[in-house]
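S.K.: Here it is, the structure, as structure tokens.
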Amino acid sequence: MLRLHILASGSGGNAAIVENAATGEGVLVDCGICKRDFFARAEEAGFNLEKLRAVVITHDHGDHTKGLGVVLRGLAKAGAHPAVCASEAVFAASAPLREAVASVGAAFEPFDGGDRLDLAGLAVRPFRTSHDAADSYGFRFEERGSGCDSLGYMTDTGVVTDAAWEALSGVHLLALESNHDARMLQMGPYPYVIKQRIASARGHLSNDQAREALDNLAHENLRAVAAMHVSQENNTYRLPRDTFEAVIAERGLPTTVSVAFQNRLVTIG
């Protein structure tokens, strides 16, 4: 069985641990939060950081990379030395990522869309998303063997790409971006150019787009879904929850709905 510990999600910083419950090993997705919050929330989740085997990076923006250096150094002092995995384009575009890897001599493992990574006893499949970064990815995590547990993770994308539809099909746990309410974004305080960026095909999924995606991805074996990267300026935490719960109720599914927070641990699994 898999568990997802969402340590933080939003424009202020992102980090989540995918745990292989059978072994206690885990993979960190992004690290855009401070060392104090990272260690405190991992402890709250009951995750043993000595069993963190790898870090995978979705893209090069600072809210996904800025905390990696201090966290890797803290992990090294605790006896953990995870490999760092990112695309070559993301590595080249992100000074914090390069500096973090160099600061502890971490193994760097590049990947591309469609690759298969073997991390923490899990098969990890990166897939391309659509975001205004040097490169951007979501991930599908699977236990080894047929019919085993699977988890889909997708944030920071303006549309659901063909690769994402394929990779997220049939997952048992789903972390799905529901960044903004279209009307709140339109009426909000952001400059017009920023509003256009967020709403574009290389921006972020709206609640309505997330609802459509969930409606297409939901199935009777989907145990849990979490709304991710919720904007604190252009959304509320209640709107994505209501939207996702409506989809699940309409389909008559047993799926648990959660919302990921910027400053609070949320675990699904």
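Rule-based calculations on the coordinates, nothing more; no lab input. None of the values given here were measured: they were computed from a predicted structure. Reconstructed Cβ throughout: ideal geometry from the backbone, glycine too, with neighbour counts over all protein chains shown.
S.K.: With charges only on Cβ, +1 for K and R and -1 for D and E, what is the dipole size of the chain about its Cα centre, in debye, rounded to 20?
M.R.: Computed charge dipole of the chain: roughly 600 debye.
S.K.: List every residue whose amide H lies under 5 Å from the amide H of residue 8, counting only residues 5 or more places away in sequence or on a different chain, with H placed 1.01 Å from N in the peptide plane.
M.R.: Under 5 Å from the amide H of residue 8 lie the amide H atoms of 15, each far enough along the sequence or on another chain.
S.K.: Identify which of 207, 234, 179 has the largest mean-square fluctuation in a Gaussian network model of the chain, with springs joining Cα atoms closer than 10 Å.
M.R.: 234
S.K.: For segment 60-110 and segment 39-59, what is the separation of their C-alpha centers, rounded to whole Å?
M.R.: Cα centres, segment 60-110 to segment 39-59: 13 Å.
S.K.: Moving on. Once every DSSP H run of n ≥ 4 in the chain is given -39500 (n - 2.57) and the sum is divided by its residues, what mean residue ellipticity at 222 nm do you get, rounded to the nearest 500 deg cm²/dmol?
M.R.: After summing the helix terms and dividing by residue count, I get -9000 deg cm²/dmol.
S.K.: Report which label in (1) 23.2, 79; (2) 17.1, 50; (3) 18.4, 58 holds the value of Rg and Dmax of the Cα atoms in Å derived from the coordinates of this structure.
M.R.: From the options (1) 23.2, 79; (2) 17.1, 50; (3) 18.4, 58, the structure gives (2).
S.K.: Top mean-square fluctuation among 184, 154, 228, Gaussian network model of the chain, C-alpha springs under 10 Å?
M.R.: 184
S.K.: Which residue fluctuates most in the GNM of the chain (Cα springs below 10 Å): 116, 98, 183?
M.R.: Highest fluctuation among the options: 183.
S.K.: Return the percentage of antiparallel bridges among DSSP beta bridges fully within the chain, rounded to the nearest 5 %.
M.R.: Antiparallel: roughly 55 percent of the beta bridges in the chain.
S.K.: Can you pull the one-decimal nm distance between simple spin-label points at residue 249 and residue 73, each 7 Å off the Cα toward Cβ?
M.R.: In this crude spin-label approximation the distance works out to 5.0 nm.
S.K.: Taking a point 7 angstrom from the Cα of residue 256 along the C-beta vector, which residues in segment 35-56 have backbone N less than 20 Å away?
M.R.: Backbone N within reach: 41-48.
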